[in-house]
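The values are calculated or read from the model by the stated rules, or taken from the named source; none is laboratory data. Owing to the predicted nature of the structure, the values given are computational and were not obtained by experimental measurement. Cβ placement follows ideal geometry from the backbone for every residue including glycine, while neighbour counts extend to all protein chains displayed. Each accessible area value is taken on the protein alone, full model and side chains, heavy atoms only, with ligands, DNA and RNA left out. Shrake-Rupley method; radii C 1.70, N 1.55, O 1.52, S 1.80 Å.
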Amino acid sequence: MNAPVKIETTLKDWETDQEVRWCPGCGDYAILKAVQRTLPKIGADPANTVFISGIGCSSRFPYYMETYGFHTIHGRAPAVATGVKLANPELDIWLVTGDGDGLSIGGNHMMHVLRRNVDMQIMLFNNEIYGLTKGQYSPTSRVGTPSPSTPRGSVDAPANPCAFALGSGARFVARGFDVSKKLPEVLIAAHEHRGAAFIEIFQNCIVYNKDVFDDFAAPKGAEDRQLWLEDGEPMLFGSEKTGGVKGLRLNTDTLSFEVVEVADGDWQAAGVRVHDTKNRVIAHLLAELPFGPYPMAMGVLYDDPAPTFSDGMIAEREAATKGKEANLAKLLQSGQTWTVDGTAQDPV
Amino acid sequence: MASAADTRPPETAGAAPDSVVVRFAGDSGDGMQLTGGQFTLSTALAGNDLATFPDFPAEIRAPQGTLFGVSAFQINFGSRSINTAGDAPDVLIAMNPAALKVNLPALKPGGLVIADTGEFTKRNLDKAKYDANPLEDDTLAKYQVLAFDISALTIEAVKPFGLGNKDALRSKNMWTLGLALWMFDRSREPLHAWLKQKFAKKPDIADANIAALDAGHAYGETAELSGPLKQTHIGPVKSEPGLYRTITGAEAVSLGLVAGAQLAELPMFFGGYPITPASAILHHLARLKEYGVTTFQAEDEIAAICAAIGASYAGSLGVTSSSGPGIALKTEAMGLAIMVELPLVIVNSQRGGPSTGLPTKTEQSDLYQAVYGRNGDAPMPVIACRSPSDAFDCAIEATRIATQYMTPVMLLTDGYIANAAEPWKVPDPAQFAPFPARFKDSLAEGEDFAPYARDEKGARPWVKPGTPGLMHRVGGIEKHATTGNIDYSPDNHQAMTDARAKKVLGVEVPEQDVALGEAGGKLAVVGWGSTYGPIRQAVRRAREKGHDVAQIHVRHIWPLPANLGELLRSFDRVLVPEMNTGQFKTVLRDQFLVDAESLTKTSGQPFQIAELEAAIARYFDGIDGNEGGEVEVNEQQLPNLEAGHDDGSYSDAPFHGEGAVPSGTDTDSEAVNQ
Ligand code: SF4
């Protein structure tokens, strides 16, 4: 993020005249609105904002944003965005990618943009399927996902995007889902983070993988199945109405979380852990919490800024050029030279 | 190829040669490239013209003493104009048996072998697969031999510095260099200065090396009295007055890109990924940050080009560089750059292919890849450098076209040009015509912004993100001819395909000239890229024999110069020598319907002058005064003049030939290599 001057805009200012071409009911619509709602809140400047995407349903996103936009090639958006950022560190870059684009064909670039900590917001729309190519299973599809390419169900284990991001050295990792009211908050937190901010957004592909996230995203019972993390707050979920407030307690022997009942709001007594977004080990545990026995960890899992790539490059350039002048004529004459004037040669 | 020795024109064969070819050969660990490089510098300082050819193994540290671990550096220098690294060495300096074995077949009969007897041990002879010591039997009967224990002499020379034997032997190459300096009457001063600077932090090592260098030099003086060693003085070449330096192709490309970016008034962003032989460009540019250069070592070739495209999008000059396999990986992204119409320079330092091929050897086999090798109709200008110094001008030209026409441009160089050095008259940047890039930053009254509206050159406007009021979207998907919005409609795709092709075909390139000779003769020898040197020399020699042959060397591979077709048709015959199986020949045939014939070579080695001379001579067989036909060459490489035309007919013309089938595909590379 990089918006020193806050600009007043409304949601309308961020809409283009382009007809949005996602399938009716696709989760992408909700994410688009969430983003368009978020940008005025953070005072973003459309002229200074760049949306960069790869290939896939989600990657059509830039066409619908009244900003600068670059719809690149499959998987390569992080590399293109890295070049944009290095060439102009003042630009505010949002990367839009999907589970296939960002973790399959572009997995390598995703790893490197994260470890380099290139300052941008990376939204990975995870719908656990290849939508644009008509429904093949993806690297995040659960084992047994039937698809045109896996008629009897997929057999390979899925990747966990947030765990991948942490493993790649990401300094900001968050989760949200398409229709969640809290998505803008997550986006704002990502934008406030200087450096690569990775946001996994569960997105409902209504055509090829309908309601695959309903087990935790459906409104009914959501409180019991979603753990919304807040820095400095206890890790609580559930409610009195739905069968009791619960929390996560760290078992220091097994180094894993346990679900505990919280009686009378006394979470301290239950030993519930307070979320610390700077704790990388805990972030790993939260990213990998198996859904089912545990709720789905949502919100900001990890947020601990570190020097960004462009900061490093700028500092390096300053050090490397200190006291040096850019004199092309001199540069061309560098090394050992000699003159020819018809007679003598004099090594310089 | 021993016969090449006979090809030297009579006027140069006398007692005071006007050029000499020396090859330094040793183990990879012997520092032959360094020795060669320093000898090159002293040669340049002596005012000779020169060309070099480093030939090193692909392995970083091949096992010591083995045949595949041999590293060689050849230099051709003279008091006349030099265009190639020379066919056959006059002098071979062999630091061990393997170096002798690998390089001896190249040596000119009667040439001088200098060998380090200290390394001709049973163990090393075994590794080089010698049954007996070649210094002691008649293996070297055809040559002059100077064999002595360089190892022992070096150890002796550096004794006062208290180095162990192992460290002492590291100075062997400096001892040898000292001897070479004496042989060609060179000053040692620049070398002393260089060693002192190189080992500024270890004065002991500097002194030891200087002592070794001086000892080698002194040895020459003593040995002259008794043996075959003679001091030779090669006078300076007549060159244009001015300031000179030596330059390799990789340096020239780097400097040319820096100059080009300055002329375009743009910062440069270079995305690269390590690959032989292209990495040197990344290394050079990484040290030039004060010239507004950002270098980015990407995670792979694809990221390297994509980041460069991103930088161009943001308003820098994006540049990426690689060699064949890496260029293949960048292909899809080149299509993107063509589609979004952003400036980009892609440097391809070609090497032997396909696949990993010959990483350290040269070839010109990526021409199809450059001109045609993308999905869809994806036109892109292609420029080829002919020599290390020419690479400087070509890099500027590539930058000019890229920024003026909003297009990616491929700059072709090769492993030979990248590594070879030659003297270069340093240009004055004030003489270059600037071509500042223009950014669109505002709208006229009532103007609707159209990101794909074209100017008279067919170029679309370049808008930097961050510019208020001009927000727009670009992408690899087909877009509307003016608005840039997604548009798959049939008429629009037709219009955009046409517009992209027209823009590139409309790139202004200079008229094709005749490099040597005149238009309208009997034979045109048409080359591109690094074959310039050997073709020039071969054509020069053929012309000295009175043959009506001309050299045409093409820089602009795509689009081709408008007058090229007519120029080619003015000749009776067209011969296209290439280090591939006939790629440019095919392009010429396709574009101009001329009966171009191929001379091909794919051994990983540059053409020798003799090979080209022989090929040219074929066209003049049966003609009075033809001497070229006596040269023994690898027959399989030559166009088959006995066969008929494609249509089965024989030409009535004095130069009947057939050229439809590239004839070099089954080249016996060993024979050519030698
Ligand atoms: S295929 Fe799925 S992800 Fe793609 S637009 Fe349709 S619903 Fe959305």
5 angstrom amide H check on A:Trp228, placed H, neighbours 5+ away
A:Met298
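Using the crude model of +1 on Lys and Arg Cβ and -1 on Asp and Glu Cβ, and no other charge, please compute the dipole size for the protein assembly as shown relative to its Cα centre, in debye to 20. Each step should come with its number before you reach the end.
Values: 89 positive and 126 negative charges, 344 e Å.
Taking the Cα centre of the protein assembly as shown as origin, the dipole is about 1660 debye.
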Report the gain in length on full extension from B:Lys196 to B:Asp131: 0.36 nm times residue separation, minus Cα-Cα distance, nm rounded to one decimal.
19.1 nm
A drop of at least 20 square angstrom in accessible area, chain alone versus all protein chains together, probe 1.4 Å. Which residues of segment B:186-212 meet that?
B:Pro190
What size of dipole, in debye to the nearest 20, comes out for segment A:234-274 about its Cα centre when the only charges are +1 on Lys and Arg C-beta atoms and -1 on Asp and Glu C-beta atoms?
140 debye
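Of all beta bridges DSSP finds with both residues in the protein assembly as shown, what is the antiparallel percent, to the nearest 5?
Beta bridges within the protein assembly as shown, antiparallel portion: roughly 35 percent.
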Percent of all Cα-Cα pairs per 5 Å bin for segment A:217-348, counting from 0 up to the last occupied bin, reads 2, 9, 13, 14, 11, 6, 4, 4, 4, 4, 4, 4, 4, 4, 4, 3, 2, 2, 1, 0, 0
Phi-derived 3J(HN,Hα) across segment B:512-521 with the Karplus relation (6.51, -1.76, 1.60, θ = phi - 60°), rounded Hz, x for Gly and Pro, is 6, 9, 9, 5, 8, x, 10, 5, x, x
Pull up all non-local amide H partners of B:Met268: gap of 5 or more, or a different chain, and H-to-H distance under 5 Å with H placed in the peptide plane.
B:Val293, B:Thr294, B:Leu317
Average projected area [Cα convex hull, segment B:164-250], square nanometres
8.4 nm²
How big is the accessible area of A:Trp22 in square angstrom, nearest 10, if you roll a 1.4 angstrom probe over the protein chains?
20 Å²
Each residue of segment B:491-508 in order: what ³J(HN,Hα) in whole Hz does its phi give by Karplus 6.51 cos²θ - 1.76 cosθ + 1.60, θ = phi - 60°, with x for Gly and Pro?
5, 5, 5, 4, 5, 6, 4, 4, 5, 5, 5, 5, 4, 5, 5, x, 4, 6
What base-10 log of the normalised intensity I(q)/I(0) is obtained for segment A:133-277 from the Debye formula, alpha carbons as equal point scatterers, at q = 0.08, 0.09, 0.12 Å⁻¹?
-0.29, -0.37, -0.65
Kirkwood hydrodynamic radius, computed over distinct alpha-carbon pairs, for chain B: how many Å, to one decimal?
26.7 Å
If I model a spin label as a point 7 Å beyond the Cα along the Cα-Cβ vector, how far apart are those points for A:Lys324 and A:Leu11 in nm?
5.2 nm
On the formula 1/(1 + (r/R0)^6), with r taken between the Cβ atoms of A:Gln336 and B:Ala58 and R0 of 35 Å, the FRET efficiency rounded to 0.05 is 0.75
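Only sites in a loop by DSSP and with at most 14 other Cβ atoms within 10 Å count here; which trypsin sites (Lys or Arg not before Pro) in segment B:346-381 make the cut? All intermediate terms of the calculation are to be shown ahead of the outcome.
Working: sites: B:Arg351, B:Lys361, B:Arg374; in loops: B:Arg351, B:Lys361, B:Arg374.
Within segment B:346-381, no trypsin sites (Lys or Arg not before Pro) qualify (loop, at most 14 other Cβ atoms within 10 Å).
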C-alpha center-to-center spacing [segment B:264-287, segment B:119-164] in angstrom
42 Å
Calculated P(r) of segment B:102-260 - Cα pairs past 22 Å, %
57 percent
Would you kindly derive the ³J(HN,Hα) couplings of segment B:570-577 from the backbone phi angles with the Karplus curve 6.51 cos²θ - 1.76 cosθ + 1.60 (θ = phi - 60°), listing them in order in whole Hz, with x for Gly and Pro?
6, 9, 5, 9, 10, 10, 10, x
Name the residue from B:Gln583, B:Leu599, B:Gly520 whose Cα lies farthest towards the positive end of the charge dipole of segment B:514-618, charges +1 on Cβ of Lys and Arg and -1 on Cβ of Asp and Glu.
B:Leu599
Which value, in Å to one decimal place, does the Kirkwood hydrodynamic radius take for segment B:514-618 when every pair of different Cα atoms is included?
13.4 Å
In bins 10 Å wide, starting from 0, what share of all Cα pairs of segment B:245-431 does each bin hold, as a percent?
11, 43, 38, 8, 0
Partner chain coverage, peptide A:318-331 - average Cβ within 10 angstrom:
4
Under the rule of -39500 (n - 2.57) per DSSP H run of 4 or more residues, summed and divided by the residues of chain B, what mean residue ellipticity at 222 nm is obtained, to the nearest 500 deg cm²/dmol?
-10000 deg cm²/dmol
Label-point separation in nm, B:Asn165 to B:Asp498, each point 7 Å along Cα→Cβ:
8.1 nm
XL table A:Lys6/A:Lys182; B:Lys101/B:Lys122; B:Lys289/B:Lys457; A:Lys330/B:Lys425; B:Lys166/B:Lys198; A:Lys85/B:Lys503; Cα-Cα > 24 Å flagged, in table order, is B:Lys289/B:Lys457; A:Lys85/B:Lys503
Here the averaged projected area of chain A, based on the convex hull of its alpha-carbon atoms and given in nm², is 25.6 nm²
Cα-based Rg of the protein assembly as shown normalised by 2.2 N^0.38 Å, two decimals
1.09
Spit out the partnerless Cys residues in chain B, using Cβ distances under 4.7 Å as the pairing rule.
B:Cys306
Dipole magnitude of segment A:215-348, debye to nearest 20 (Cβ charges: Lys/Arg +1, Asp/Glu -1, about Cα centre)
320 debye
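Please report, as a whole percent, how much of the solvent-accessible surface of chain A comes from carbon and sulfur atoms (probe radius 1.4 Å).
On the way: 7760 of 14420 Å².
Carbon with sulfur: 54 percent of the solvent-accessible area.
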